[in-house]
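FYI, it's all coordinate maths here, none of it is from the lab. Being a predicted model, the structure only gives us computed values, none of them experimental. Note that we place each Cβ from the backbone using ideal geometry, even for glycine, and neighbour counts take in every protein chain shown.
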Amino acid sequence: MKKVILSLAVIAALGLTSCKNETKKVEETTTTEVSKEIGMTDLSFGVRGNCGMCKSTIEKAANGVDGVASANWDVDKKKIDVSFDDAKTDAMSIHKAIAASGYDTEKVAGSEGAYKDLPSCCQYDHEMTMNQK
Ligand SMILES: [Cu+2]
């Protein structure tokens, strides 16, 4: 009798596990569908800058654009990775926002006024190569 109860318990446990797995699969599918609906676009482009302070200024400028979900500027490569909702904004708006904060991008030259207001350590060389490997 004990054996029967034990095997019933095992079956119940297996049943629960498979239920959990199914639930997880459903959740994953839903998440994928949602992100497709939102239509996130990933973009990388060159942005000049020197240091960690530049990084926070550049990323703050990019994140300030409505529709930008994430922004990560690479200090060594002089390049930014942005993820944005293309229903809300476009690449050029992000270029312009970064340029307005004083930083050169591949497409838009940085605002000279904002550049002059940057801390001296952040006043990068305008000849700097962007998108370094
Ligand atoms: Cu800096």
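Below is a table of values for the structure above.
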read-out: Under 12 Å, Cβ to Cβ, from residue 99 - net charge with Lys/Arg +1 and Asp/Glu -1; value: 0
read-out: Dipole moment magnitude, nearest 20 debye, the stretch 48-95 about Cα centre, only Lys, Arg, Asp, Glu C-beta charged; value: 280
read-out: Stretchable slack from residue 121 to residue 88, in nm (0.36 nm times residue separation minus alpha-carbon distance); value: 8.5 nm
read-out: Per-pair calculated FRET efficiency, R0 = 22 Å: residue 114 and residue 40 via Cβ, rounded to 0.05; value: 0.20
read-out: Label point 7 Å beyond Cα of residue 107 along Cβ direction - residues of the stretch 67-83 with amide nitrogen under 18 Å; value: 67-73, 79-83
read-out: Alpha-carbon spread of the stretch 40-122, three principal axes, descending order, Å; value: 37, 24, 18
